[in-house]
């Protein structure tokens, strides 16, 4: 009678240097995001990020030679993560393919929620700090254009080709983003539900009027 040889557990292959490098970079970025959101730009020093990430000083500086580069990369990392989440939310929200006024209302609801989340507040911290920090201001300026392009691409998908093709679409979305950003700042010191903000109804009425959808819904 023969017996099958006992299976031998094989150790996982050793991780490559590039994988270890990517992991440490992500660890540092996650730590920087946490510092920005919880402690603000003033509390997001390289020492604080290093301690939270549990990496050496040399490892942090290898990835991010300056504090400005670190903070901008952290904000970009957070924004990219949010954009993917927004795409998923939009797909679920628009699954039944709403059109006209209904699609506009849903798109505005989704846009407004993004101004209540960590990426917005991290960005606010950086923009405020950049006013008196030339290095941070320069780093932010370099990243602004590609990030705005990515946001615009996600927004186009939320609104859909019917609305995104309107001649007033670009002006409308720019007006909404600017207005929402200003109103959202009030929530830094006001404790009230954002979902019932009176501006929400105003934005929807304005969008319907500009898109000539007043008679719908």
Quickly work out the residue 56-to-residue 95 label distance, labels modelled 7 Å from Cα along the C-beta direction, and quote it in nm with one decimal.
4.9 nm
Can you tell me the 0 to 90 degree angle between the C-alpha axis of helix 134-159 and the longest principal axis of the chain, rounded to 10?
60 degrees
Helix-only mean residue ellipticity at 222 nm for the chain, each DSSP H run of n ≥ 4 adding -39500 (n - 2.57), per residue, nearest 500:
-23500 deg cm²/dmol
Grab the beta carbon distance between residue 210 and residue 137, set R0 = 35 Å, and tell me the FRET efficiency rounded to 0.05.
0.55
Cβ-Cβ FRET estimate between residue 109 and residue 47, R0 fixed at 41 Å, reported to 0.05
0.50
Mind pulling the angle between the C-alpha long axis of helix 118-130 and the longest principal axis of the chain? Nearest 10 degrees, somewhere in 0 to 90.
90 degrees
Is the C-alpha gyration tensor of the chain telling us rounded, prolate or oblate? Criteria: a/c under 1.5 is rounded; beyond that, a/b larger than b/c is prolate, otherwise oblate.
oblate
Could you tell me the distance between the Cα centroids of segment 85-103 and segment 162-200, to the nearest Å?
17 Å
Tilt, helix 100-113 to longest principal axis of the chain (alpha-carbon atoms), in degrees rounded to tens, equals 50 degrees
Given a Förster distance of 30 Å, report the FRET efficiency between residue 150 and residue 23 from their Cβ-Cβ distance, rounded to the nearest 0.05.
0.80
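Only the coordinates and a few stated rules stand behind these numbers; no lab work does. Since we're looking at a predicted model, the values are computed, not measured. We place every Cβ from the backbone using ideal geometry, glycine too, and count neighbours over all the protein chains shown.
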